[in-house]
């Protein structure tokens, strides 16, 4: 028995050593080897394993960019992810492409601003902007022109939203005080009235901030922003913080505190958080909902704005395979609880919101 135990530990040590070898040596691993670092973690992925896996992906794709071009290297990664995720969510594409955007900006600067790379919920551009912490408003306008120059109509609106959201990530890395950060987002649009770009800048700002698990904020603090666009963006992301802190929708979006439209944005933010919850269940192959999530999903099933947010999140994540997004709507936000009068799939709000992301896939 002792000899068997010894052999077992030797095998474990060898496997660990091989993983380290792939990352630290000059040998370029395969994308499958990068993913295996995560897959070998079973149900719980340690931060160390996640970092090693992401570093591995960056190494592979960076080498591919050197031998070919950054654009072709990204296409190569997208093909791998789409093939791997053809039936189930096996690979967290957003985190991977976010890390590669971060690395590409560090290496290529403005040449990393490659148009038409919106996959994985705009993760690549989010990474680029997060690294570009020295950005000023004139840089933002230049980046917008480069990334969105070939867009028009609905595609242009999506692109401008994504770039301004990424800019919010960048603002957050250099401005700890949220009022100071929001004042920078407020410089994007000098007119009077609603600004989609300011809203998405605020959304990106708070998304970056709440990665810190000690971040202390409530939806009421959003009202301190200087205009309604910033308030809406703040509510959209702070709803995720409320979910993380175990606050249900009625507590996180209290009636009477916000205008009707602001409340809708708060509910939609809860929907985005529901979408993220669904992704986490799928990735970890959980069989049972956590108790808080049972109520969260039930509340979302009966709120059209929450359902819309969940569908938008899932549809954006699976832009090139909307069937997966619709399957997840059916599994976690089933028709019989969706609050619609008909059980026909085309009338389901989650499905409708998934379908609205189709404009980014019909190229």
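Throughout, read-outs are computed from the coordinates displayed, never taken from laboratory work. The structure displayed is predicted, hence computed values, not measured ones. Please note: Cβ atoms are built from the backbone with ideal geometry, for glycine as well, and neighbour counts cover all protein chains shown.
Take every Cα pair under 8 Å in segment 169-313 that's 6+ residues apart, average their separations, divide by the length, and report that relative contact order as a whole percent.
It rounds to 20 percent for segment 169-313.
So, by mean Cβ neighbours within 10 angstrom, what's the order for 108-119, 236-247, 66-77 with the highest one leading?
Descending packing order for the listed peptides: 236-247, 108-119, 66-77.
For a test of the definition: using alpha carbon positions, the gyration tensor, and the 1.5 limit on a/c, classify segment 89-226 as rounded, prolate or oblate.
oblate
What shape does segment 51-95 take by its C-alpha gyration tensor, where a ≥ b ≥ c are the square roots of the eigenvalues and a/c under 1.5 counts as rounded, a/b above b/c as prolate, and the rest as oblate?
It comes out oblate by the Cα gyration axes.
Checking the a/c ratio against 1.5 first, then a/b against b/c, what shape does the Cα gyration tensor give for segment 103-176?
Taking the square roots of the gyration eigenvalues as a ≥ b ≥ c, segment 103-176 is prolate.
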